[in-house]
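Visitor: Could you have a look at this structure, given as structure tokens, before my questions?
The values are calculated or read from the model by the stated rules, or taken from the named source; none is laboratory data. On a predicted model such as this, the values are computed, not experimentally measured, just so you know. Using ideal geometry, Cβ is built from the backbone for each residue, glycine included, and neighbour counts are taken over all protein chains shown.
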Amino acid sequence: MEPSGPGSATNRRNFLSLVGLSAAATVGSGLLAGCGGEAASTSDAQDLDKLADLLPRQKDLPGLPKPDMVGTRPVPDGYTRFPAELFDAVGEKPGRSGQRINGMTPAWGPAPPSLGQSQYLAAVNDELGIDVNFSVQDGLKYAEKLNALLGARDVPDLLCVPQWEVAKLPRFADAVAALFEDLTDYLSGDRVDAYPMLATFPAGAWREAFWNERLMSIPNPTDGPFPWALFGRKDLLDAAGLAYPKTMEELFEVGRQVTDPNKGVWAFDDIFSMVQMFYKVPGTDDGWRLKSDGTPEFKYETPEFKQAVEFMAKVYQAGLVHPDLVASKGEDAKQLLQSGKILFKQDGPGMWQPMQAEQQKVTPGFNLQPVPVFSASGGDPLVWGDDKPISYTFVKKGLGKERVEELLRVINWCSAPFGTAEFNLREYGVEGKHHTRSAAGPAKTELGFKEIANQYFFVSGRSPVIQPFPQTPTYVRDYLAYSNEMVKFLEKDPWNGLKLEMPARYKAGLVPTEDKITDILRGRRPLTDLDAVIQEWRGSGGGDEAREFRAKALADAGR
């Protein structure tokens with residue numbers, strides 16, 4: 001799948017710093033009014049361990065190829081080559097009613113051609129036996145579209161909700177109960193046998209698909225736990241005789257050495273999330289951890305966060321960030337990295353392969369590599385990450401049993417794993433049109449890149465693997481070497497196994513507070529304002545309320 005070109009599902013992480021509801025979208029009417037007025041609760045905690053009996057029973061699909069490299073969980077296994085033969089995993093067409101399915105999914109980049117104008121949609125829909133009509137929305141504005149849809153109680157048959165958007169949607173659990181089908185009696189236990197592709201999903205993904213103690217969605221399992229990596233143009237750094245930094249001092253010094261405004265070159269885009277990670281700022285659920293006395297503490301309140309703010313403000317003040325990015329002019333930071341106008345970029349790991357594949361054709365020797373995470377204070381680093389799904393697919397409530405089963409059969413087909421003919425069609429389209437195939441595997445054509453935008457991927461999921469790409473033969477080994485090393489330092493989540501619907505006021509306060517901190521980082525407000533911003537977050541921003549809620553959730557779970 002490729003939200004912005006060929007790449008892995010982890011591309012979803014590319015947009016975590018770019019998307020979110022505005023303050024106006026999360027306060028007042030919004031979801032609350034749309035779901036029937038005052039909701040029963042503004043926050044809720046589910047103990048997922050108590051729902052184990054409702055999980056779909058996981059079963060392997062016979063005939064799949066064995067992986068070439070093993071990932072340290074939650075890092076998936078990897079394949080360095082495509083199987084010579086593909087097999088059909090679904091014996092019959094899942095669509096039988098002839099009634100068109102409407103779905104909404106995100107895309108990053110140009111919108112793909114719609115139904116009736118896309119050979120890709122026509123080919124997949126022919127295999128499904130039914131037309132799926134996609135409303136493909138701009139991924140950068142997807143949260144706003146979701147808020148409008150849910151507030152108006154006007155949802156399509158299948159709705160994709162990215163995991164990272166859920167935290168921004170007020171009273172989402174109430175919206176789920178009001179608008180979407182309860183799938184527990186369709187999928188729990190051995191009932192999932194009717195949908196064998198869904199049965200291959202890891203149990204950890206299904207655990208996160210519960211709302212209100214019922215199985216309310218189909219998860220799209222993540223293919224990597226890491227939200228961020230710091231990527232560098234290693235080819236340009238090598239040419240300048242510079243090594244990747246291993247300390248904060250080296251990071252600043254390398255940035256200073258490569259920045260040359262006279263040549264139109266700067267060191268960085270906004271790397272604040274990575275700077276926080278280097279300083280060991282907590283990252284669990286946006287930034288929570290437990291103090292030594294067991295009290296929940298948010299990142300804003302930690303000395304590590306203040307250190308990260310001071311360092312990042314110093315980077316901005318020194319003019320090491322590209323000025324168009326400082327001014328938020330909408331400059332494409334990926335293009336700046338590709339053209340050598342910046343040498344380091346913070347992004348999701350999913351950026352790696354597609355950019356390398358495309359740019360090595362444009363720039364001989366182009367070499368994009370991640371900087372290994374280090375600790376600003378010495379010792380082992382802290383790496384943010386989790387194994388939560390990429391997204392969730394919800395089924396519109398009230399469609400009737402036969403229609404729900406048809407939709408689940410379609411989702412099941414779309415969820416076929418690597419090594420199947422269904423996976424190949426979903427990912428690469430029709431051979432000779434959307435891709436060419438050699439002994440090394442499929443390679444997309446121009447039409448493939450134009451028409452395929454993860455439409456079917458975002459209404460399904462698949463058992464995750466790191467798949468090979470002929471254009472970048474060392475990618476899988478490089479990715480797994482990096483990931484298997486970084487996963488050793490994955491942050492521990494004290495609330496693991498608890499699903500928390502955070503208080504509405506806290507949700508509404510996140511983006512406005514982040515905006516104020518961004519103003520401080522970029523010099524639009526003085527650094528001395530940080531304490532006042534944090535105090536405001538604790539009160540009107542719902543921070544203290546959120547802390548009490550998290551403490552109670554742990555106590556109620558007996559932890």
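Visitor: So residue 481 clears everything in (1) at pLDDT 95 or above; (2) surrounded by fewer than 21 Cβ atoms within 10 Å (Cβ to Cβ); (3) touching a Pro at 6+ places or on another chain (Cβ under 8 Å); (4) closer than 30 Å to residue 439 by Cβ except one condition, right? Which one?
Guide: Failing condition for residue 481: (3).
Visitor: Report whether or not residue 552 is in contact (Cβ under 8 Å) with a residue 24 or more places away in the chain and loosely packed, with under 14 Cβ neighbours inside 10 Å.
Guide: It is true that residue 552 is in contact (Cβ under 8 Å) with a residue 24 or more places away in the chain and loosely packed, with under 14 Cβ neighbours inside 10 Å.
Visitor: Please go through (1) in contact (Cβ under 8 Å) with a residue 40 or more places away in the chain; (2) surrounded by 16 or more Cβ atoms within 10 Å (Cβ to Cβ); (3) not in a helix (DSSP H, G or I); (4) not β-branched (Val, Ile, Thr) for residue 407 and return the number of the only condition it doesn't satisfy.
Guide: (3)
Visitor: Taking the stated definitions as given, is residue 552 in a helix (DSSP H, G or I), basic (Lys, Arg) and under 29 Å from the mean Cα position of the chain (by Cα)?
Guide: The answer is yes for residue 552.
Visitor: Against the definition (touching a helix residue (DSSP H, G or I) at 6+ places or on another chain (Cβ under 8 Å) and at pLDDT below 95), how does residue 390 come out, yes or no?
Guide: yes
Visitor: Moving on. I need the full set of residues from the stretch 419-436 which are crowded, with 23+ Cβ neighbours inside 10 Å and assigned to a loop (DSSP other than H, G, I, E, B), in order please.
Guide: Within the stretch 419-436, 429, 434 qualify.
Visitor: Name the residue, out of 465, 430, that is under 23 Å from the mean Cα position of the chain (by Cα) and touching a residue at least 12 places away in the same chain (Cβ under 8 Å).
Guide: 465
Visitor: List the helices (runs of 4 or more DSSP H) that sit entirely inside the stretch 133-241 and contain at least 2 residues that are of a type in the set (A, V, I, L, M, F, W, C).
Guide: Hits in the stretch 133-241: 142-151, 163-166, 172-179, 203-207, 234-239.
Visitor: Right, another one. Of the residues 260, 285, 332, 269, only one is in contact with a helix residue (DSSP H, G or I) (Cβ under 6 Å, 6 or more places away or on another chain) and of a type in the set (Asp, Glu); which?
Guide: Only one candidate qualifies: 269.
Visitor: For the stretch 181-200, give me each residue that is crowded, with 20+ Cβ neighbours inside 10 Å and within 17 Å of residue 48 (Cα to Cα).
Guide: Once the filter is applied, which keeps residues that are crowded, with 20+ Cβ neighbours inside 10 Å and within 17 Å of residue 48 (Cα to Cα), the stretch 181-200 yields 183, 187.
Visitor: Find the residue count for the stretch 335-379, including only residues that are among the acidic types (Asp, Glu) and either touching a Pro at 6+ places or on another chain (Cβ under 7 Å) or in a helix (DSSP H, G or I) (or both).
Guide: Residues that pass the stated criteria total 1.
Visitor: What are the residues in the stretch 485-508 that are touching a strand residue (DSSP E or B) at 6+ places or on another chain (Cβ under 9 Å) and under 30 Å from residue 80 (Cα atoms), if any?
Guide: Within the stretch 485-508, 486, 487, 488, 489, 490, 491 qualify.
Visitor: Does the stretch 327-334 include one or more residues that are at pLDDT 95 or above and part of a helix (DSSP H, G or I)?
Guide: Among the residues of the stretch 327-334, not one is at pLDDT 95 or above and part of a helix (DSSP H, G or I), which makes the answer no.
Visitor: Which condition breaks for residue 309 when tested against (1) modelled with pLDDT of 95 or more; (2) under 15 Å from residue 517 (Cβ atoms); (3) assigned to a loop (DSSP other than H, G, I, E, B)?
Guide: (3)
Visitor: Could you please tell me which pairs satisfy a Cβ distance under 9 Å, a separation of 6+ or placement on different chains, a first residue in the stretch 89-117 that is more than 23 Å from residue 417 (Cα to Cα), and a second residue that is in a loop (DSSP other than H, G, I, E, B) and of a type in the set (S, T, N, Q)?
Guide: Hits for this filter: 108/4; 109/4; 112/118; 112/455.
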